[in-house]
Amino acid sequence: MVRTLFGVETEYAITGIAPSGASTDRSRIAGQLVSRARAQHAYLNDPGGGIFLQNGGRFYVDCGTHPEYATTSTAPNP
């Protein structure tokens, strides 16, 4: 039986207003999220800039400067 790798991607939006009333820098916040995750789990760093998780998923900043989580799973082909 052949096994297939597939997954689901979830994109997260970042928005807010700084105390000064200015809009937030979404790319900076997204980068900080990944940097903190990389600092806590350095052994799972992804050379592409994200972090691989123990469950096989991946957390990274996508090209739209938003955080994204991608799952991975295997299942038999029908």
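The values are calculated or read from the model by the stated rules, or taken from the named source; none is laboratory data. All values reported here derive from a predicted model rather than from experimental measurement. Every residue, glycine among them, receives a Cβ derived from its backbone with ideal geometry; neighbour counts consider all protein chains shown. The protein model used for the area step is the full one, side chains on, heavy atoms only, and it has no ligands, DNA or RNA in it. Shrake-Rupley method; radii C 1.70, N 1.55, O 1.52, S 1.80 Å.
Which numbered condition trips up Thr15, out of (1) in a strand (DSSP E or B); (2) modelled with pLDDT under 85; (3) of a type in the set (Ser, Thr, Tyr)?
(1)
Taking region 18-48, which residues are assigned to a helix (DSSP H, G or I), modelled with pLDDT of 80 or more and of a type in the set (Gly, Ala, Ser)?
Residues satisfying the conditions are Ser27, Ala30, Gly31, Ser35, Ala37, Ala39.
Name the single residue that is most open to solvent (accessible area, probe 1.4 Å) among those in region 26-67 being of a type in the set (D, E, K, R) and in contact with a Gly (Cβ under 9 Å, 6 or more places away or on another chain).
Step one: of region 26-67, the residues of a type in the set (D, E, K, R) are 26, 28, 36, 38, 46, 58, 62.
Filter again for in contact with a Gly (Cβ under 9 Å, 6 or more places away or on another chain), leaving 26, 38, 58.
On the way: Arg26: 129, Arg38: 68, Arg58: 65 Å².
Checked region 26-67; the qualifying residue most open to solvent (accessible area, probe 1.4 Å) is Arg26.
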